[in-house]
Amino acid sequence: MSAAAALLAVAPTHAETPTGVLFAGGTVSESSSVYAGAVVSVPGATLGHGFALRGSANAGQYQYDGGPGRIDADYAGGEVALVYQTSGNWGWTNFSAGPRYTHTRLSPADPENDRRGSRWDLGLQTDGALDGPQWRLGWYGSLGPFDGSYQARLQIGRKLNSAGLRIGAESGIQGDPSYTKGSLGGFVAVPVARNFDLQFGAGATEQAGRGARGYGSIALSRIF
């Protein structure tokens, strides 16, 4: 799992002139993943307006059925990207692109898996939200065109107070040429300090040949 939940929780604020956001989180199900990173606006820009740079790192593990049988995969990687940010009373959206590196170790070895070992790809990403008085509709999408990896998430949340407490539903899909996984669940986003949000999610995932499995997630974001 990438930074989807954390980035979906970030709303540019108009009361100040913030320039960036720190984010981190993780997901646990039949697979697991963790990530951390930051978005920093370039000189002359602010969070939600103009260009920014994003750097992030991630790691995790998953299993799949291949030629040698059940295969355990461990991966770690990172990416840097140039981000274009835009926002207004309607909400916000970001578009980014940059190099992505991933190293994947397979046990036992699977020569049919093109993602084994060290690989470079181009990371394409978009995230944003339509932010109304009572509801927020957020989205996240990521694509690695050369490896064929993809991830998408959609969230709709009801605002329960002016401080930013929200509760809602989420759905997603992710995969690559070796697997496809869908998810459906709920989330709650809680402001725990000034410019600091915490989000919890839980639900079920389904992957061909395995049936439904539960998942839990946590995401943190801090605007600065």
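The values are calculated or read from the model by the stated rules, or taken from the named source; none is laboratory data. On a predicted model such as this, the values are computed, not experimentally measured, just so you know. As a convention, Cβ positions derive from the backbone with ideal geometry for all residues, glycine included, and neighbour counts pool all protein chains shown. For accessibility, only protein heavy atoms count, side chains too; no ligands or nucleic acids. Shrake-Rupley method; radii C 1.70, N 1.55, O 1.52, S 1.80 Å.
Some values worked out for this structure:
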quantity	calculated
Residues (modelled with pLDDT of 95 or more, of a type in the set (Ser, Thr, Tyr) and under 24 Å from residue 54 (Cα atoms)) located in segment 133-190	140, 142, 150
One residue from 140, 150, 84 being of a type in the set (Phe, Trp, Tyr) and in contact (Cβ under 8 Å) with a residue 40 or more places away in the chain	140
Conditions (1) touching a helix residue (DSSP H, G or I) at 6+ places or on another chain (Cβ under 7 Å); (2) surrounded by fewer than 20 Cβ atoms within 10 Å (Cβ to Cβ): number failed by residue 66	(1)
Those residues of segment 48-92 which are within 20 Å of the chain's Cα centre (by Cα) and of a type in the set (Val, Ile, Thr), in sequence order	80, 83, 86
Qualifying position, being open to solvent by 30 Å² or more (accessible area, probe 1.4 Å), among the acidic types (Asp, Glu) and closer than 21 Å to residue 78 by Cα, among 114, 176, 121	114
Segment 38-71: number of residues that are of a type in the set (A, V, I, L, M) and not in a strand (DSSP E or B)	3
Cβ pairs under 8 Å, 6+ apart, first in segment 203-224 and farther than 11 Å from residue 183 by Cα and part of a strand (DSSP E or B), second modelled with pLDDT of 90 or more and acidic (Asp, Glu)	220/197; 221/197; 222/197
Residue 86 open to solvent by 30 Å² or more (accessible area, probe 1.4 Å), touching a strand residue (DSSP E or B) at 6+ places or on another chain (Cβ under 8 Å) and modelled with pLDDT of 95 or more	yes
